Each structure stands twice: as C-alpha cells, then as structure tokens.
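Below you'll find the structure, written out as structure tokens, and then a few comments.
The values are calculated or read from the model by the stated rules, or taken from the named source; none is laboratory data. Here the structure is a predicted model, which is why all the values come from computation and not from measurement. When we count neighbours, we look across all protein chains shown, and the Cβ atoms used for this are built from the backbone with ideal geometry, even at glycine.
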Amino acid sequence: MNWWTEAAIDAGIEIPLVRLLHAPLRKLKSVQPSDSVLDFGQQPRRNLPQTHICWTSVDRLHDISGCKNGGYVVQISDRANRIQPSPTLAVSAKAKKMRSEGVDVLSFDVGEPDFDTPDHIKMAAIKALVQGDTKYTPATGTEKLKAAICKKLREENGLEYSTNQIVVSCGAKHSLYNIFQATVNPGDEVIIPAPYWVSYPDQVLLAGGTPVFIPTDEITKFKISPRQLEDALTDRTVAVVLNSPSNPTGATYLPEAVRELGEIILSHPRATIVSDEIYEKIVYDGREVVSIASFGPELKARTVVVNGLSKSASMTGWRLGYTASVKELAEAMGKIQSQSTSNPTSFAQAGGLAALLGPKDFEGAMVAEFDRRRRRVTDLLNGIPGITCELPEGAFYAFANAAGVLGKSYQGTQVDNSGQLADYLLREARIAVVPGNGFGLDTHLRLSYATSMECIEEGLKRMQQALTS
C-alpha cells in the first residue's frame with residue numbers, strides 16, 4: 001500500500017472501495033461517502049455489481065456485497081471464469097476438513113500411490129540440500145536430469161531425443177498446461193476421449209481452445225475407435241489427447257490400436273498428439289504399453305510425450321514432470337515456463353535423477369500390490385446392488401457404474417447424479433469418492449485403490465450399507 005493510502009487511513013478517512021491508481025493524498029480527501037467508485041481523473045461511477053472489495057484498514061481486506069458506500073470491483077478474467085475448480089481436489093479438501101473435525105473418513109479420492117518415496121531418492125535430495133543445491137537451475141531443468149530422461153526414453157521406450165527436446169516442469173500437470181499454452185490459439189479444437197482426466201478440458205479452455213469429446217463406455221472398454229477419431233477431426237483440430245493407461249478408467253490401448261489411431265492423425269497435418277504416459281508402469285495381466293511416438297519418425301515428430309515420476313516413483317509431492325517433443329515446441333514451452341514458474345525445484349531434480357538412474361525394484365512390488373487391491377475392490381463393488389465395475393487394465397482407479405442407484409432416495413436424501421451420490425456417501429458412509437461428472441460421465445464414481453486393503457474392505461462395506469439401508 002502506498003504512503004498516501006496509509007496516511008489517509010491513519011487520518012480517519014475511509015476509502016470506500018476506490019480505484020486508487022497513483023493519486024496524491026489531496027485526491028483521497030475528496031472521496032465522498034455517497035461515491036461508489038472513484039477513478040481519479042474520471043467521474044465517480046455508480047451501479048456496481050453486487051460483490052466488491054473494501055479497504056477498511058491497512059491490513060484488512062474483505063467482501064462487502066451491497067455496501068452502501070459502493071466499492072472497488074475486482075475484475076476476474078474471462079479465462080478464469082471459464083473453468084471449474086478441480087473436483088478431485090475439492091473432494092479431498094472436504095474429506096480433510098471432516099477429519100480435522102474428528103470424523104472417521106476413509107479416502108478413495110486421492111490420485112497418488114500410498115507407498116513412500118524410496119529411500120535412495122529421498123537421500124539424493126537431502127544430499128543436494130546439504131551441499132547447497134538450492135539455487136536456480138535452467139528453466140527447463142538441469143542438463144543431468146534431462147540426459148537421464150533421454151536415457152530412460154531410449155532404453156525403455158525406444159525413443160531417441162536430445163536434451164534440448166526435453167522440458168522438465170513442476171509435475172506432469174504443469175507439463176500439460178505448457179503444451180496447451182504453446183499449441184492452442186482461440187477457436188482451436190482439442191480432441192479428448194471421454195471419460196477424461198479432469199484437468200484436460202479446463203487447461204484447453206484456459207488456452208482459449210475448445211475441447212471436443214469422443215464418448216466411450218464399458219461396451220468399448222472405454223477406448224475410442226479409429227472411426228470415431230476420424231469423425232471428430234476437423235480443420236480446426238490442433239491436438240489429440242491420448243492417455244493410456246487412463247485416469248479414471250484404467251483403459252489401456254493395445255499397441256496395434258495405438259498405431260491405427262496414429263495413422264488417422266497423420267492424415268490431419270495440424271494435429272499434435274499429446275501422449276500422456278504418466279501411468280505407463282502401472283499395468284496388469286502382462287499388458288504391453290507402447291508410446292505412439294515409437295511408430296515411426298512421422299508420428300514421433302507429431303507427438304509430445306508427457307511423463308513424470310509422481311506415479312512410478314511415488315513422488316507426487318515432489319512435482320516433477322517432463323515432456324519430449326520436437327525442438328521448436330520444446331523451446332516454446334521453455335519460454336512459457338521461464339515466464340511463469342522458472343525452473344522446477346533444484347533439490348527435487350536431484351531426487352528425480354536418482355529415481356531415473358537408481359534401482360527400480362520397488363516398481364514391481366508396488367504394481368503387484370495394486371493388482372491385489374484392484375481385484376478385491378472390483379469384486380466388492382460388483383457385489384453392491386445397482387453398482388457394476390469393469391476390471392481396470394491399468395493405473396489404480398476403479399470407475400464404477402452407479403446408474404443403478406441413481407434416481408432413488410436414501411435415508412431421506414434424493415440422489416439423482418454422481419455429485420449428489422458422492423456427497424451422500426461422504427456424509428452418511430464417511431467415504432470420499434470422486435463423482436464422475438468431473439470426468440465427463442455423470443453415471444459413474446471414481447475410487448482410487450491406492451490405499452490399504454483394510455480401508456478397501458471397510459470403505460466398501462460402508463458403501464454397501466449406505467446404499468441398501
């Protein structure tokens with residue numbers, strides 16, 4: 001706050017939601033109680049919207065909807081109003097609040113492994129801290145970490161990249177944000193198979209684009225067909241999102257199906273492929289996960305590979321994701337990142353380096369335990385009248401079809417959609433699940449089985465009791 005604002009308040013002059021600009025103190029003294037907003041150099045404006053912000057003291061800022069003195073109107077951008085808060089984070093916040101109040105809530109909402117980050121990764125970050133590795137790094141990540149990512153892509157995915165094609169960001173979500181900011185102009189279309197991860201559409205909207213959804217269901221195993229993709233592509237399409245294994249369904253495309261989708265996209269020269277491979281290590285029953293970028297140089301040039309360490313190394317809080325793409329796109333994303341977050345956290349990158357170059361035996365043990373839970377949670381869900389659930393092919397989510405329990409009343413509560421069902425289960429059964437409406441399918445619920453078997457047994461017991469009472 002400027003000196004003249006503080007002086008005005010100290011002198012007992014109320015500032016009734018004024019737009020202060022750079023006015024001298026004598027201008028502030030001209031504020032009249034009847035003024036709604038005072039733009040210095042302009043006439044006072046009236047007839048403001050209902051919600052305003054008013055300064056009543058140096059350190060107090062509050063909402064005074066309907067204040068008789070009017071007020072300063074905070075302009076919220078169209079892009080911010082175009083999107084919704086993350087539904088998964090909203091459910092998690094509700095559950096945490098209830099726990100803080102002493103309520104025994106069991107969580108099936110969190111999209112993160114319940115295993116600890118392996119010790120060798122933590123020790124690498126601690127060593128970096130002790131050695132003073134706490135300064136800025138290059139905006140797109142350290143050269144050592146990017147070289148390790150190139151090694152991973154070459155050895156595990158058969159993809160050859162140079163370090164100037166890699167951009168390390170603050171999580172794969174940040175990587176995706178950079179992609180859409182770098183590729184999408186107002187009016188452009190981005191094709192997204194539905195159900196989808198909750199942030200894809202909103203990130204496209206933030207970039208000024210239009211999400212175009214291709215619906216899938218249990219009949220199609222939640223996978224799109226080449227024909228569906230071809231019908232959705234237009235001259236305005238600039239990107240196609242592929243997420244395999246998928247959040248929320250676990251759907252995992254066979255290599256031949258991936259190749260067929262790639263061939264369709266190649267016939268549309270403007271379309272970039274956004275290949276979200278964050279769950280590539282978490283697959284079951286011997287399934288093979290193949291990057292679409294591996295099907296020849298043309299598809300590689302058209303693909304942005306998105307990955308990270310949150311799921312495979314249980315490093316969600318470390319916030320490390322990365323992209324591999326053509327150099328021109330990597331430069332554009334790096335430029336955007338340099339003007340937003342700058343670099344990912346320096347010592348977190350040291351941990352990421354250890355995760356990529358160190359032992360990975362924990363991955364197999366983690367996936368084996370997820371497989372055990374996957375089978376149990378699916379069996380329990382299918383035992384609840386009105387609920388059905390396909391056995392997930394990958395990731396760690398069960399996407400349960402709850403159409404059979406909607407349109408009914410439970411303990412006096414009418415439940416007509418997935419949001420109402422999730423609210424009811426949180427309140428009455430004390431279990432936190434994510435409604436399917438955030439994923440584009442309002443008849444479903446997403447349950448994460450990245451939790452203990454004890455939690456799965458007790459939580460699904462509570463769910464059955466709440467829906468049969």
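General remarks:
- Scanning region 400-434 for residues that are within 17 Å of S107 (Cβ to Cβ) and in contact with a helix residue (DSSP H, G or I) (Cβ under 8 Å, 6 or more places away or on another chain) yields a total of 13.
- Taken as a whole, the structure places Y161 among residues that are buried (at least 18 other Cβ atoms within 10 Å of the Cβ), assigned by TED's automatic domain parsing to the domain that holds A348 and more than 22 Å from the chain's Cα centre (by Cα).
- Qualifying residues in region 344-380 (those that are of a type in the set (S, T, N, Q) and either touching a helix residue (DSSP H, G or I) at 6+ places or on another chain (Cβ under 6 Å) or within 30 Å of E458 (Cβ to Cβ) (or both)) - the one surrounded by the most Cβ atoms within 10 Å (Cβ to Cβ): Q349
Rundown of residues vs (1) in contact with a helix residue (DSSP H, G or I) (Cβ under 8 Å, 6 or more places away or on another chain); (2) over 30 Å from L445 (Cβ atoms), yes/no style:
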| site | (1), (2) |
| --- | --- |
| D78 | no, yes |
| G102 | no, no |
| L129 | yes, yes |
| R154 | no, yes |
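- Taking region 293-320 as the range and being of a type outside the set (D, E, K, R) and crowded, with 24+ Cβ neighbours inside 10 Å as the test, the residues that pass are A293, T303, V304, V305, V306, N307, G308, L309, A313, M315, W318, L320.
- Of all residues in region 300-346, those satisfying the criterion of being β-branched (V, I, T) and in a loop (DSSP other than H, G, I, E, B) are V326, T341, T345.
- Pair list, Cβ < 6 Å and 6+ apart or interchain, from region 326-346 residues that are in contact (Cβ under 8 Å) with a residue 24 or more places away in the chain to residues that are of a type in the set (D, E, K, R): S346/D133
- Scanning region 259-285 for residues that are in contact (Cβ under 8 Å) with a residue 60 or more places away in the chain and surrounded by fewer than 17 Cβ atoms within 10 Å (Cβ to Cβ) gives a single hit, D285.
- Count of residues meeting criterion [under 26 Å from the mean Cα position of the chain (by Cα) and more than 22 Å from P435 (Cβ to Cβ)] in region 376-393: 1
- Within the set A450, A429, A466, the sole residue that is touching a Phe, Trp or Tyr at 6+ places or on another chain (Cβ under 6 Å) and of a type in the set (A, V, I, L, M) turns out to be A450.
- Single unsatisfied condition, G102 versus (1) part of a loop (DSSP other than H, G, I, E, B); (2) in the same structural domain as T341 (by TED's automatic domain parsing); (3) not β-branched (V, I, T): (2)
- Assessment of region 415-424 against the conditions (under 22 Å from the mean Cα position of the chain (by Cα) and in contact (Cβ under 8 Å) with a residue 60 or more places away in the chain) yields at least one matching residue.
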